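Participant: I'd like to ask you about the structure that follows.
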Amino acid sequence: MEKDDKLTRREFIQWALTAGAVLGGLGYLTKRKRKPRLKKFKPNSLRDGVAVAYGEDPALMTERAVAALGGMSALVSPDDVVVIKPNIAWDRAPEFCATTNPEVVASLVRMCRRAGAKLVKVFDFPPTRNPSLPYKTSGIAESAERAGAVVKFVDPNRFVTLQIPDGYALSEWDFYAEAVLEDEVDVLINVPVAKHHGTSRLTLALKNIFGIVDRDRGDLHRSIHEKIVDLNRVVRVDLTVLDAYRVLRRNGPTGGRLEDVDNSPEGARRIIVSKDPVAVDACGATLFGIGPKEIGFIRLAEEAGLGSSDFKARGFYEVKL
Amino acid sequence: MKKNRLRWLAQLLCFAIFFLFLIGGGTLKSRDLPSEIFLRLSPLGAIATISASKKLISLYLPALGLVVLTLILGRAFCGWVCPLGTMIDLFDWLFRKLRSVTKLYDGRRIKYYLLLFIVLVALLGVEISGWFDPLSIATRTGWVIYNYLGFILVQSAAAVSHIVGTSGLSCSVKHLLGFQIEPYPVQSHTLILLVFLAIVLFGLSLRRYWCRNLCPLGALLALFSSINLFKRKVSESCTDCGKCQRNCRMGCIVSDGKGTLAGECILCMDCQSLCPESAIRFGGGSEESLDFSRRRFVATAVGSVVAIPMLRLNFARTRSKGYPPVIRPPGALEEEEFLQQCVRCAECVVVCPTGALHPALFESGVEGLWSPVLIPRIGYCVRDCTLCGRVCPSGAIRRLSLEGKHATSIGKARFDHNRCIPWSGYKNLRTDAPVWEDINCAVCEEVCPIPTKAIRFKVVLERVAGTEREIRLPYLVEDLCTGCGFCEYACPVKGTPAIVVEGVRGTARVPKGAEPTALGSVFAEFPDWKRTSGPTPYIGKKRLYEYINGGAEPYLTYSFIQVITCKYESKSGRTVVDLWEMESSDDAFGVFSYDRRHAEPATLPDVSAKVGSSYYLWRGRFFIRMYPAKPIPEPEEVERLAEALLRRLPSAPKKPPRLLSFFPEEGKIPGSEVYFHTKFIFDRLGVLERFVKENVLLLGRDTECAVASYEPEARALCVRYPDTIRPRNALSSLIELWRKWGRKISQREGISLSKEEQGFSSLTARGNYLLACFGFTSEQQAFSFIKKMSGSVSE
């Protein structure tokens, strides 16, 4: 009885060694870095060029615009994991045009499901402290879920550091694993909304990539044009759908005044789709009366070989509804 | 035993409801369910806040229900409902083997003295009931413990999910626990935990030590329970075995089980099931009263008076010269009133969707311990959220409508130009900086949730290494800022942010922005004037072009909101009335002063001018312009219409812009002043002898300017800049321009003097101001004029 109570030296050392090994092993495991394997562009039979749909029904316009390039089944094959990345950055109702139109997102989700996608994920990493507010207020969480997508918040622990070869201003940055890694995602669809932006003048497709990166996002706003392009060197977007059903003309990117939102058929009411994000941005910039080369990130992205700002060069399809 | 189990069930149920109401507070409250109901049950909170703030708080109506319940049932609340009591029972059970024989002082009277103390200091205006109210303690501590637990669980889930290498386990855990944001402990949580720890550790000595000796709410309920119908009654069959006395958790049984101390029984009914003789019943018994000492009551009363200055210690407020040193939740009452009504329950902290609110330590003084403060670096106030006001049990934070919330300002942001990236980078820009490396940063502007942006840019062009560099310096439009703290939260500057929000008085309001006022009723039919068309409003700057395309620019240099136009007809002629609404009365005066340049003063009650049958009137934020159409009406008739319109305007007369008061009265031509902002108007006034393309005076939307004419042909100019650097730069560039024109410039007492064809000019910069005069007949006159003006400016 008495003997059992006392710890012998041998037992103590055994215990200490075991505990040390377990703790040390756990510590190693939690720090271990895996080598990330980047997602590749999905092989597809979509047409090159840009498709623009005009009309009053955003869901139908999205569908027709994608159809003009060959339809979603030309991109998404059965059992694919699709990530749809809308702009869910702000706590604002869709009418204020600070976030992507929920009907556009829902329409894309439905198309992907119809093409046989195994899993359609919808997420964004808003700069707001509490992601549930924009997810809810923007209406995207509800409509995407109803269309059959899995809507989750971004997990701040799941960012991976990736090298950026030949970057203008960045050599590496943290990207969200679920959007950029090969074993996490097959098809990445970027669904930005056309808005004015205080720093980068406009926020369109290339700028929307800010929603899947972390580290110091505030710091990205210095030399913003170069950094937008650098981030886009890593992210492989298979399809870009620009929601210009409404256009935020002033006080972006947050907006909040209906006077600043353009709802006219002349200035807005269109959906622009292409495989080439630079072409989409160039086409989107014309909505603001700005030439593509006047926007720093479009010019630099073209120089970096990310796409072509001459958006009519490789085919321009217009669908009027 | 059966009744025992019933009580346990009731306790568990009440605790579960309390806990769910706590963690689901935000969700419940957004559906307008009373998740804060437990706190509103507390008669202690009610009495303390009502006597401290000296006003009736109807939110505390449920507390009256608890009082009535206690009159009938005695302290059943303590034994069956109170979440802190349940917590203590649980720990007492855990400590049952450890309970030592060494006894702490078992002084039941302490709680009465504490109650007296709380009520007395409350009557003297300091409200500290929240520190001791068990319901506040339970809410506060419950949240802190839940936060710590959540923090640990989420972090370990993150570690596990890293090891396993897949899927966001920590996110799932977070959602499972109902956290919308990362749980995050802050320093004031520690003190809350320590107090709770002390309360449960008393259980090592005596069961329910807090409830029997310290709880002031218990004392209050004990006072109300003196006539209750469920007093313990011991029948004749009692054998004086003393078993109940030894096992009473409140220690309220005396004289070998026969007697009960007054107001101490919490109706746990343990004794009834324990009694071997079944001699105990509840109902119709009598109690032995506690003996209070008069001396102690007097001592408590004196003590509470002495304690007031100590509780009022507030170094932070002294240091900030009475300015509230902290940011309070939106809708919070004025600081003094707020502290008198806040019960430190932390309900607002719990529901805040960004985790911005935290219980204070001593930031707002000793009495402000655990009152809510907003810490922008952790979170910010969400623009469309009013949860904290809706959940506040005592009305310390008012319920705001969404519009009211938008108009309420809890603080004002301030830039630190020495830390701000564009501001400091602009000052330190190297001449060999690579072209791509820019120093623009606009995260604060980007996230600013004010629809018209309270943070804006001024653009500076700087030549660096041969290229023109556009540098955008952010500045704050203080009137629009609501102090939400999003800018400070998002500021990418490490350490101390470059933009910091400082609290302002709780009820400070944002001046109404560019919302147009409904003015249709101004344009009534009058006996001698009939409306022929209109009123037609043109709201917003864009629509102004529709009304006066080609001539709208001067008006747009002022803060234009709307113009309403209406046509009238009388017997003698017709007139068109334009009613302009501006954002400020200064700007309305500005438009008025610009339009009436060629008119002469009129005799109408307000500031007015006329030329022929055209009239110009200014009142508050409004400016009325009346001009005749053919056939031209009689001026007297137009004047009567003007008077009638003025009477219907929803605005009081205001003083002209302060800038005008700097012009000396002597020799001034009455009604010659023009007030404006930009170079566009300045050029049209012909102050400089020739047109200058460059913006030498560096005028812009943020500058205020005024020009006045003097006998015989002189002009005076006064410009106010938002900073003190620009006036000096403007001064030197104007002097440089004069030199280029071949003028000789002399200096006297910091005033630059020069001779031109039309006369003598003088020029000086004082603080934010640039002062100038032109066309005086002698150098001495120009010099003394500017001297006089700069004298009134420095006043």
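Participant: Would you list B:Lys29, B:Lys530, B:Lys740 from fewest to most Cβ contacts within 10 Å?
Facilitator: Result, fewest neighbours first: B:Lys740, B:Lys530, B:Lys29.
Participant: List, in the order given, every pair from A:Lys33/A:Lys121; A:Lys293/B:Lys693; A:Lys207/A:Lys275; A:Lys42/A:Lys227; A:Lys85/A:Lys275; A:Lys85/A:Lys136 whose Cα-Cα distance in the structure shown is over 20 Å.
Facilitator: Among A:Lys33/A:Lys121; A:Lys293/B:Lys693; A:Lys207/A:Lys275; A:Lys42/A:Lys227; A:Lys85/A:Lys275; A:Lys85/A:Lys136, the Cα-Cα distance tops 20 Å for A:Lys33/A:Lys121; A:Lys293/B:Lys693; A:Lys42/A:Lys227.
Participant: Okay, next question. Once a ≥ b ≥ c are taken as the square roots of the eigenvalues of the Cα gyration tensor of region B:17-100, is the result rounded (a/c under 1.5), prolate (a/b larger than b/c) or oblate (a/b not larger than b/c)?
Facilitator: oblate
Participant: Still on this structure: Label B:Arg5 and A:Lys6 with points 7 Å out from Cα along Cα→Cβ: what is the distance between them in nm?
Facilitator: Between B:Arg5 and A:Lys6, the simple spin-label model gives 4.9 nm.
Participant: Beyond 18 Å, how much of the Cα-Cα pair distribution for region B:74-136 remains, as a whole percent?
Facilitator: 58
Participant: Still on this structure: For region A:204-251, what is the Kirkwood hydrodynamic radius in Å, using each pair of distinct C-alpha atoms?
Facilitator: Across region A:204-251, the inverse of the average 1/r is 12.2 Å.
Participant: Quote the charge dipole size of region B:1-130 about the Cα centre in Debye, to the nearest 20; the model charges only the Cβ of Lys and Arg (+1) and of Asp and Glu (-1).
Facilitator: Magnitude of the dipole: close to 520 debye.
Participant: Tell me what chain A gives for mean residue ellipticity at 222 nm when only DSSP H runs of n ≥ 4 count, each as -39,500 (n - 2.57), the sum divided by the residue total, rounded to 500 deg cm²/dmol.
Facilitator: For chain A, the value works out to -9000 deg cm²/dmol.
Participant: Cα-based Rg (one decimal) and Dmax (whole number) for region A:31-84, in Å?
Facilitator: 15.8, 52
Participant: Scale the Cα Rg of region B:718-762 by the rule-of-thumb value 2.2 N^0.38 Å and send over the ratio, two decimals.
Facilitator: Normalised Rg, Cα atoms only: 1.23.
Participant: What is chain B's relative contact order, in percent, from Cα pairs under 8 angstrom and six or more apart in sequence?
Facilitator: Relative contact order, chain B: 8 percent.
Participant: Based on the alpha carbons, how large is the Rg to Rh ratio for chain B when Rh follows Kirkwood?
Facilitator: Radius of gyration relative to Kirkwood radius: 1.13.
Participant: Using a 10 Å cut-off around each Cβ, can you sort B:Leu290, A:Leu60 from fewest to most neighbouring Cβ atoms?
Facilitator: Ordered from fewest to most neighbouring Cβ atoms within 10 Å, B:Leu290, A:Leu60 come out as B:Leu290, A:Leu60.
Participant: Tell me the chymotrypsin sites (Phe, Trp or Tyr not before Pro) within region B:31-127 that lie in a loop according to DSSP and have at most 15 other beta-carbon atoms within 10 Å.
Facilitator: Answer by residue number: B:Tyr105.
Participant: Please list, in order along region B:651-666, the HN-Hα scalar couplings obtained from phi with the Karplus expression 6.51 cos²θ - 1.76 cosθ + 1.60 (θ = phi - 60°), rounded to whole Hz, x for Gly and Pro.
Facilitator: Each residue of region B:651-666 in turn: 7, 9, x, 10, 6, x, x, 4, 4, 5, 6, 7, 6, x, 6, 5 Hz.
Participant: A further question follows. So, with +1 on the Cβ of K and R and -1 on the Cβ of D and E, and no other charges, what is the size of the charge dipole of region B:192-297 about its Cα centre, to the nearest 20 debye?
Facilitator: For this selection, approximately 300 debye.
Participant: Between region B:338-358 and region A:92-129, what's the alpha-carbon centroid distance in Å?
Facilitator: Between the Cα centre of region B:338-358 and that of region A:92-129, the gap is 35 Å.
Participant: Report the residues of region B:243-277 in range of a label on B:Ser237: point 7 Å along Cα→C-beta, backbone N strictly under 12 Å from it.
Facilitator: Answer for this model: B:275-277.
Participant: Now a separate question. Based on the alpha carbon coordinates of the protein assembly as shown, what radius of gyration and maximum Cα-Cα distance (Dmax) apply, in Å?
Facilitator: 36.8, 123
Participant: Eigenvalues of the Cα gyration tensor times 5, then square-rooted: what semi-axes does that give for chain A, in whole angstrom, largest first?
Facilitator: 42, 21, 20
Participant: Could you work out Rg/(2.2 N^0.38 Å) for region A:196-321, with Rg from alpha carbons only?
Facilitator: Here the Cα radius of gyration is 1.03 times the empirical estimate.
Participant: So which trypsin sites (Lys or Arg not before Pro) in region B:671-712 end up in coil per DSSP with only 12 or fewer other C-beta atoms within 10 Å?
Facilitator: Those satisfying the criteria are B:Arg690, B:Lys693, B:Arg701.
Participant: Taking only DSSP H segments of four or more residues, each worth -39500 (n - 2.57), what value at 222 nm results for chain B once the sum is divided by all its residues, to the nearest 500 deg cm²/dmol?
Facilitator: Calculated from helices alone, the mean residue ellipticity at 222 nm is -11000 deg cm²/dmol.
Participant: Between the DSSP loop rule and a limit of at most 10 other Cβ atoms within 10 Å, which trypsin sites (Lys or Arg not before Pro) in region B:96-190 are left?
Facilitator: For trypsin sites (Lys or Arg not before Pro) across region B:96-190 that sit outside H, G, I, E and B with at most 10 neighbouring Cβ atoms in 10 Å, the list reads B:Arg96, B:Lys97, B:Lys103.
Participant: Only four residue types carry charge here, +1 at the Cβ of Lys and Arg and -1 at the Cβ of Asp and Glu. Report the dipole size of region B:664-743 about the Cα centre in Debye, rounded to the nearest 20.
Facilitator: 420
Participant: Rounded to the nearest whole Å³, what is the per residue volume of the convex hull around the Cα atoms of region B:55-212?
Facilitator: 178
Participant: Across region A:278-284, in residue order, what do the Karplus-derived ³J(HN,Hα) couplings come to in whole Hz, using 6.51 cos²θ - 1.76 cosθ + 1.60 with θ = phi - 60° and x for Gly and Pro?
Facilitator: Result, rounded to whole Hz: 5, 5, 4, 5, 5, 5, x.
Participant: Calculate the length of the line joining the C-alpha centroid of region B:554-599 to that of region B:31-100, in whole Å.
Facilitator: Centre-to-centre (Cα) distance: 63 Å.
Participant: Another question about this same structure. In straight Cα distance, which lysines are under 22 Å from B:Lys233, not counting same-chain residues fewer than 8 positions off?
Facilitator: Excluding near neighbours in sequence, the set is B:Lys2, B:Lys3, B:Lys243, B:Lys258.
Participant: Next question. Given region B:324-368 reduced to its alpha-carbon atoms as identical point scatterers, what log10 I(q)/I(0) does the Debye formula return at q = 0.24, 0.31 Å⁻¹?
Facilitator: Summing over Cα pairs of region B:324-368 leads to -0.96, -1.50.
Participant: Which whole-angstrom value gives the distance between the alpha carbon centres of region B:617-681 and region B:260-303?
Facilitator: 80
Participant: While we're looking at this one, here's another question. May I ask you to list the aspartates and glutamates whose Cα is less than 16 Å away from that of B:Lys29, ignoring any residue fewer than eight positions away on the same chain?
Facilitator: Qualifying aspartates and glutamates at Cα under 16 Å: B:Glu347, B:Asp384.
Participant: How many percent of the alpha carbon pairs in region B:387-490 exceed a separation of 20 Å?
Facilitator: Above the 20 Å cut-off, region B:387-490 has 51 percent of its Cα pairs.
Participant: Follow-up. When N is the residue count of region B:590-672, what does its C-alpha Rg come to as a fraction of 2.2 N^0.38 Å?
Facilitator: Dividing the Cα Rg of region B:590-672 by 2.2 N^0.38 Å gives 1.13.
Participant: Another one. Tell me, B:Thr141, B:Thr300, A:Thr240 in order of fewest to most beta-carbon neighbours within 10 Å?
Facilitator: B:Thr300, B:Thr141, A:Thr240
Participant: Still on this model: Excluding same-chain residues fewer than 8 positions from B:Lys654, which lysines have a Cα within less than 21 Å of its Cα?
Facilitator: Result set, ordered by chain and number: B:Lys512, B:Lys610.
Participant: Taking +1 at the Cβ of each Lys and Arg and -1 at the Cβ of each Asp and Glu, which of B:Ala122, B:Cys82, B:Thr70 sits farthest along the dipole of region B:45-196 towards its positive end, judged by Cα position relative to the Cα centre?
Facilitator: B:Thr70
Taken together, the values in this text are just the output of simple stated rules run on the coordinates, not laboratory data. These figures come from a predicted structure and were not determined experimentally. When we count neighbours, we look across all protein chains shown, and the Cβ atoms used for this are built from the backbone with ideal geometry, even at glycine.
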